[in-house]
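Report on one structure; see the data block that follows.
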Amino acid sequence: MQSGWRVGSLFGIPLFLDLSWFIFLVLIALPIGSGKEQEWGATTAYATGFLMAFLLLMSVLLHELGHSLVAKSQGLKVNSITLFLFGGIASIDQESKTPGQAFQVAIAGPAVSLLLFGGVSLLAFFLPETISPAANYLTTHLARMNLLLALFNMLPGLPLDGGQVLKAIVWKATGSRLKGVHWAAQAGKTLGWLAIILGLTVLLPYGGIWFALLGWFVLQNASSYDRITTIQEALLALKANDAMTREFRVVDADMTLRRFADDYLLEANRPTVYFAASDGRYRGMVMTDEMRFIERSEWDYQPLHKIIQPLTAIPTVEEATPLVDVIQKMESQELRSLSVLSPAGAVSGVIDRGDVVRALASKLNMLVPDVVIKQIKDSGSYPQGFNLGAIAQAAAESLPASRR
């Protein structure tokens with residue numbers, strides 16, 4: 001869910017203002033107002049402070065719009081632009097297809113900020129000396145802030161634009177987008193820790209808390225990039241047969257519905273999936289819900305064939321299917337589970353979202369309690385905030401075209 005207030009849209013891109021931005025407003029406006037109140041008067045001083053905050057907001061918006069428009073020119077969907085305490089973020093639906101295109105999207109924001117620096121600097125240079133001191137202050141400081149915005153964002157670590165540039169460079173050099181993310185994320189974590197340490201030691205008397213908070217923001221986001229990339233690498237190493245289970249039962253396709261109900265459906269810990277076979281061949285999946293539409297008086301003589309769906313008509317994958325493809329199929333077709341077929345066409349397993357999470361946790365040497373796996377299986381959905389479908393899609397897109 002998108003946080004903050006929607007304040008409009010530009011070029012079809014929704015714009016949101018996070019509540020944390022009002023902290024930034026106070027941090028910019030009040031020091032300017034209190035510092036210039038005696039010199040300019042309270043009204044002019046505080047009005048200048050609030051106008052400076054608004055112009056900085058517009059500068060950040062144009063910075064993010066630079067990223068967004070280049071992304072849109074590449075056919076990528078931009079979901080939104082959000083302005084918040086530490087700047088702004090453009091939510092882009094997909095990764096660029098090539099490192100060159102990723103570089104273009106990354107560099108577009110700082111390029112806009114540098115253009116604003118140049119334009120506002122020229123305006124400040126040509127302003128008449130007789131104009132109000134507040135106007136001179138606004139133009140000179142706005143130019144400097146845009147230069148600072150460009151330089152800060154070009155620091156080589158995620159989530160900053162410089163980190164995106166570093167990612168594109170490593171991607172180009174190694175052929176792996178995921179390696180590029182790892183390198184840039186590690187650099188981002190290093191920058192974050194340096195900012196925290198400097199902010200709480202050397203710079204503490206000079207606004208170091210703000211510097212440390214900025215470092216914490218960089219550290220948290222860089223760590224998030226690293227974690228997601230590690231998950232994507234694990235997903236790419238897994239196949240359907242690594243996650244499937246044998247939580248199903250094979251029954252005689254020639255039995256009556258009554259016998260099936262009495263012998264299997266009344267069991268306390270019965271499986272949820274049944275396959276039917278006869279003459280040594282799988283006939284299909286037993287659709288137990290279909291029994292509701294058959295009169296109970298007919299169960300004594302109606303065969304199980306009545307509610308069997310052939311394997312060719314149910315969603316299946318092969319044992320060697322990459323797990324990212326399994327996840328995408330379940331998400332795109334809104335399936336609770338898939339049947340897994342052996343190379344010979346026999347049923348070798350079933351797989352659902354709980355099985356996917358269990359296999360992923362095992363690959364990452366993480367402990368996920370059985371109760372959590374059961375909750376995922378029962379609900380048919382991943383835990384809130386864990387969008388494994390989007391992560392799998394991004395992982396699949398990171399592969400070279402020859403391996404997709």
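The values are calculated or read from the model by the stated rules, or taken from the named source; none is laboratory data. Predicted model, so just to flag it, every value in this text is computed and none were measured. In this analysis, Cβ positions are derived from the backbone assuming ideal geometry, glycine residues included, and neighbour counts consider all displayed protein chains. Side chains are part of the model used for accessible areas, which takes the heavy atoms of the whole protein and leaves out ligands, DNA and RNA. Shrake-Rupley method; radii C 1.70, N 1.55, O 1.52, S 1.80 Å.
Among (1) assigned to a loop (DSSP other than H, G, I, E, B); (2) surrounded by 18 or more Cβ atoms within 10 Å (Cβ to Cβ); (3) among the charged types (D, E, K, R), which single condition is residue 283 missing?
It is condition (1) that residue 283 fails.
Could you list, ordered by first residue, the pairs with Cβ atoms under 6 Å in which the first is in the range 23-47 and part of a helix (DSSP H, G or I) and the second is open to solvent by 60 Å² or more (accessible area, probe 1.4 Å), at least 6 apart or interchain?
29/50; 33/46; 45/37
How many residues, within the range 238-255, are open to solvent by 60 Å² or more (accessible area, probe 1.4 Å), over 18 Å from residue 315 (Cα atoms) and part of a loop (DSSP other than H, G, I, E, B)?
1
Looking at this structure, is residue 158 open to solvent by less than 40 Å² (accessible area, probe 1.4 Å) and in a loop (DSSP other than H, G, I, E, B)?
yes
Report, by residue number, each residue of the range 345-383 that is in contact (Cβ under 8 Å) with a residue 60 or more places away in the chain and open to solvent by 50 Å² or more (accessible area, probe 1.4 Å).
Scanning the range 345-383 gives 358, 363.
For a quick check of your reading of the model, give me the residue pairs whose first member lies in the range 320-342 and is under 12 Å from residue 353 (Cβ atoms) and open to solvent by 30 Å² or more (accessible area, probe 1.4 Å), whose second is among the small types (Gly, Ala, Ser) and part of a loop (DSSP other than H, G, I, E, B), with beta-carbon atoms closer than 6 Å and at least 6 apart or on different chains.
Pairs that qualify, where the first residue is under 12 Å from residue 353 (Cβ atoms) and open to solvent by 30 Å² or more (accessible area, probe 1.4 Å) and the partner is among the small types (Gly, Ala, Ser) and part of a loop (DSSP other than H, G, I, E, B), are 336/380.
Keeping to the range 11-29, report how many residues are at pLDDT 90 or above and open to solvent by 60 Å² or more (accessible area, probe 1.4 Å).
Counting residues in the range 11-29 that are at pLDDT 90 or above and open to solvent by 60 Å² or more (accessible area, probe 1.4 Å) gives 2.
Going by the structure shown, is residue 136 touching an Asp or Glu at 6+ places or on another chain (Cβ under 9 Å) and either surrounded by 20 or more Cβ atoms within 10 Å (Cβ to Cβ) or among the β-branched types (Val, Ile, Thr) (or both)?
It is false that residue 136 is touching an Asp or Glu at 6+ places or on another chain (Cβ under 9 Å) and either surrounded by 20 or more Cβ atoms within 10 Å (Cβ to Cβ) or among the β-branched types (Val, Ile, Thr) (or both).
Could you check how many residues of the range 286-308 are more than 19 Å from residue 339 (Cα to Cα) and part of a loop (DSSP other than H, G, I, E, B)?
Here the count works out to 6.
Scanning for something among the hydroxyl-bearing types (Ser, Thr, Tyr), surrounded by fewer than 19 Cβ atoms within 10 Å (Cβ to Cβ) and out of contact with any Lys or Arg (no Cβ under 8 Å at 6 or more places or on another chain), does the range 214-223 turn up at least one residue?
no
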